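For reference, the structure discussed in these notes is given below.
The values are calculated or read from the model by the stated rules, or taken from the named source; none is laboratory data. Because the structure is predicted, anything quoted here is derived from the model rather than measured. Cβ placement follows ideal geometry from the backbone for every residue including glycine, while neighbour counts extend to all protein chains displayed.
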Amino acid sequence: MLLKDLIMIIISSLILIICVLISVAFLTLMERKVLGYIQIRKGPNKVGFLGLIQPFSDAIKLFTKEQTYPLMANFNLYYFSPVLNLLLGLFLWMCLPFVSVNISFNLSLLFFLAVSSLSVYTIMLAGWSSNSNYSLLGSLRAVAQTISYEVSLSLILMSFLFLILSLSLLDFLKYQEYVWFIYLLFPLCLMWLVSSLAETNRTPFDFAEGESELVSGFNVEYSSGGFAMIFLAEYGNILFMSLLCCFLFMGANLVSYFFFIKMVIISFFWLWVRGTLPRYRYDKLMYLAWKSYLPISLNYLFFFFSMKMFIFILLI
């Protein structure tokens, strides 16, 4: 019986990963279409019907291009950093609760925080091992930014956790059956969205790959498959953060189409922001994390903690 369960989990995980990779492909197409219409032009529309095969032709082009290796790079780390980055990005999806058979464990949010923290190392190693000043600067920026916003993300998440007193994503579904948390915790939800933008290194917080001064940031020395893997990991993280937003404060019924529509709308928000807002100033980004979000999220945390304690004392 255990062997059958194990086989079932492996098959389910493989199907999940394949679906994630396909959805990442179509997210890139959606982004190019959205940015095109924002700039009053058409996006990709030649390859296949309405450009639907464009992402697959891009993938084939990227993976068949010649792989370049910088002469002074630390080869092993340089080679394996993008692979590890993509693996961690896909591993993150394992905490997604399945109603039926997959790995629906009780500490899924703790797992999310641990795995998303690990991806900082791959970015740092990718930038350092390239042995280029630009990529090193890009990776240092990315690491500082990610660490700063992970603190506020964790504190915002703790406010949600005090409300449900559980670390399982499945419990968020039960508690939001009648009212979504976005109505109860509106400021926290907006802070979570902005922190997620910074966490995924997206506009207006894309300092890790500031084209105007760093050419392309930590991935400047990568070409072909290495670049494609970093690219896939980034878009996979965007999709996962959109999914997490649905779970945390928009009530996620996994068996309804409405859940996936909400996920697409939040993904669209990521692309919309990219087409609309200019890049923020780096010191302002850091001030936003440490001087604004950290005190506000701490105050909310104390408020929810005291509220829970008060209810607990009343019940006793």
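Of the residues making up the stretch 132-159, just one is among the charged types (D, E, K, R) and under 15 Å from the mean Cα position of the chain (by Cα), namely Glu150.
Right, Tyr175: of a type in the set (Phe, Trp, Tyr) and surrounded by fewer than 21 Cβ atoms within 10 Å (Cβ to Cβ) or not?
On the way: of a type in the set (Phe, Trp, Tyr): yes; surrounded by fewer than 21 Cβ atoms within 10 Å (Cβ to Cβ): yes.
In short, yes.
Just one residue in the set Leu197, Leu184 is under 22 Å from the mean Cα position of the chain (by Cα) and at pLDDT 80 or above; that residue is Leu197.
For the stretch 222-262, give me each residue that is outside any helix (DSSP H, G or I) and surrounded by fewer than 23 Cβ atoms within 10 Å (Cβ to Cβ).
Here is the first cut: in the stretch 222-262, the ones outside any helix (DSSP H, G or I) are 222-223, 250-256.
The answer is Ser223, Met250, Gly251, Asn253, Leu254, Val255, Ser256.
Evaluation of Val101 against the conditions (1) modelled with pLDDT of 85 or more; (2) surrounded by fewer than 20 Cβ atoms within 10 Å (Cβ to Cβ) shows that the sole unmet condition is (1).
Under the condition of being of a type in the set (Val, Ile, Thr) and within 16 Å of the chain's Cα centre (by Cα), which residue from the stretch 265-280 is surrounded by the most Cβ atoms within 10 Å (Cβ to Cβ)? Result: Ile266. Scan the stretch 53-63 residue by residue and report those that are of a type outside the set (A, V, I, L, M) and free of Cβ contacts under 8 Å to residues at least 40 places away in the same chain. Residues satisfying the conditions are Gln54, Pro55, Phe56, Ser57, Asp58, Lys61. Taking the numbered list (1) over 22 Å from Ser57 (Cβ atoms); (2) more than 20 Å from the chain's Cα centre (by Cα) in turn, Ser13 passes all entries but (2).
Against the test of being modelled with pLDDT of 85 or more, over 28 Å from Ser224 (Cβ atoms) and either surrounded by 13 or more Cβ atoms within 10 Å (Cβ to Cβ) or of a type in the set (Gly, Ala, Ser) (or both), the options Leu21, Leu35, Leu109 yield a single qualifying residue, Leu109. When Phe181, Phe218 are screened for being among the aromatic types (Phe, Trp, Tyr), touching a residue at least 60 places away in the same chain (Cβ under 8 Å) and either under 23 Å from Phe304 (Cβ atoms) or surrounded by fewer than 22 Cβ atoms within 10 Å (Cβ to Cβ) (or both), only Phe181 passes.
Residues in the stretch 259-287 that are over 23 Å from Phe247 (Cα atoms) and either touching a residue at least 12 places away in the same chain (Cβ under 8 Å) or basic (Lys, Arg) (or both): Arg274, Gly275, Thr276, Leu277, Pro278, Arg279, Tyr280, Arg281, Tyr282, Lys284, Leu285, Met286.
In the stretch 71-80, is there at least one residue being in contact with an Asp or Glu (Cβ under 8 Å, 6 or more places away or on another chain) and either in contact (Cβ under 8 Å) with a residue 40 or more places away in the chain or on the phi > 0 side of the Ramachandran plot (or both)? Reasoning before the result, please.
We begin by selecting, within the stretch 71-80, every residue in contact with an Asp or Glu (Cβ under 8 Å, 6 or more places away or on another chain); these are 73, 78.
When the remaining residues are screened for being either in contact (Cβ under 8 Å) with a residue 40 or more places away in the chain or on the phi > 0 side of the Ramachandran plot (or both), the result is 73, 78.
Scanning the stretch 71-80 turns up at least one residue that is in contact with an Asp or Glu (Cβ under 8 Å, 6 or more places away or on another chain) and either in contact (Cβ under 8 Å) with a residue 40 or more places away in the chain or on the phi > 0 side of the Ramachandran plot (or both).
Scanning for something out of contact with any Asp or Glu (no Cβ under 6 Å at 6 or more places or on another chain) and closer than 22 Å to Phe111 by Cα, does the stretch 262-279 turn up at least one residue? Don't jump to the end; show me each part of the working.
Initial filter on the stretch 262-279 (out of contact with any Asp or Glu (no Cβ under 6 Å at 6 or more places or on another chain)): 262-270, 272-279.
Then keep just the ones that are closer than 22 Å to Phe111 by Cα; that gives 263.
Yes: one or more hits.
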